[in-house]
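Some notes on the structure that comes next.
The values are calculated or read from the model by the stated rules, or taken from the named source; none is laboratory data. Just so we're clear, the structure is a prediction, and the values are computed from it rather than from any experiment. Don't worry about glycine lacking a Cβ; one is built from the backbone with ideal geometry, like all the others, and counts go over all protein chains shown.
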Amino acid sequence: MRTMGLSLGLVLLCLLRVQAGDPGSVELDERKIAGTWYITAMASDSESYLQNKDQLKMAMANIEVLGDGDLKVSFAIPAPGRCMKFESIYKPTGNPGEYYSSDRGNKTVRLVDTDGSSYMVVFATREKDGKTLHMLRLYSRRQWVRPKIKLLFKRLAKLNGFTDKTIWILPRQGSADWLVDAPAKQCKTHALKLQAPAPPSFFQALLSGL
């Protein structure tokens with residue numbers, strides 16, 4: 001009850017900041033975010049996302065805190081005919097819970113909510129073709145996410161201007177452990193099989209960004 005109360009309090013705080021044009025942020029405890037996370041839900045105002053979001057599956061991210069305070073994030077993302085693996089370095093901006101990366105486009109990520117152990121919600125902005133795209137992602141320590149956390153994510157998404165049609169709970173692609181540990185040959189056997197798949201860059205852009 002106390003954790004949920006704190007989360008609801010953060011929702012109200014986010015509402016006040018959204019009304020002021022700021023999605024809000026939460027102080028980040030770097031010691032608690034290191035390790036493996038599942039990307040289990042997201043929302044975005046990208047047109048490509050709206051056209052292809054049904055193709056997105058649950059992905060994984062491994063976060064390593066470097067000695068200088070930077071974050072090294074290793075992604076494993078299922079895409080048509082392959083699984084994509086790559087890394088990005090995120091540097092602190094000086095604002096609490098906010099990081100910046102110039103890898104594959106300029107991206108800023110901000111921690112919006114977390115219980116400090118099982119989930120975190122991250123707001124990301126990405127510059128592309130002179131436009132700024134906005135994304136909200138739910139990270140979970142487990143593939144299975146509690147219903148109240150999904151509900152909290154949807155509330156936060158709507159408070160940040162996203163609509164129901166832009167919110168997507170990412171389905172599992174079988175056992176997700178292969179995303180991190182499987183060799184490339186085995187990775188292909190688990191890759192998505194779609195009739196008219198989106199290009200790999202779509203999956204990389206939408207599911208990366210911390």
ask   = Of the residues in the stretch 79-95, how many are touching a helix residue (DSSP H, G or I) at 6+ places or on another chain (Cβ under 8 Å), surrounded by fewer than 16 Cβ atoms within 10 Å (Cβ to Cβ) and small (Gly, Ala, Ser)?
value = 1
key: the stretch 57-84, subset in contact (Cβ under 8 Å) with a residue 40 or more places away in the chain and among the charged types (D, E, K, R), residue nearest to Val121 (Cα to Cα)   = Lys57
task = Give the stretch 41-50 a look and list any residue that's in contact (Cβ under 8 Å) with a residue 40 or more places away in the chain and not in a loop (DSSP other than H, G, I, E, B), or say none.
result = Ala41, Met42, Ala43, Ser44, Ser48, Tyr49, Leu50
remark   = Subset of the stretch 123-141, residues out of contact with any strand residue (DSSP E or B) (no Cβ under 7 Å at 6 or more places or on another chain) and farther than 19 Å from Leu56 by Cβ, comes to Glu127, Asp129, Gly130, Lys131
ask   = For the stretch 85-120, which residues satisfy the criterion of being free of Cβ contacts under 8 Å to residues at least 12 places away in the same chain and part of a loop (DSSP other than H, G, I, E, B)?
value = Gly94, Ser102
ask   = Do you know which of the residues in the stretch 121-153 that are without any contact (Cβ under 8 Å) to a residue 24 or more places away in the chain and of a type in the set (Val, Ile, Thr) is surrounded by the fewest Cβ atoms within 10 Å (Cβ to Cβ)?
value = Thr132
request  = Output the number of residues of the stretch 28-81 satisfying the condition of being closer than 21 Å to Asp103 by Cα and of a type in the set (Lys, Arg).
outcome  = 1
query = Which members of the stretch 123-146 meet the condition of being assigned to a strand (DSSP E or B), of a type outside the set (Lys, Arg) and either at pLDDT 95 or above or out of contact with any Phe, Trp or Tyr (no Cβ under 9 Å at 6 or more places or on another chain) (or both)?
reply = Phe123, Ala124, Thr125, Glu127, Thr132, Leu136, Leu138, Tyr139, Ser140
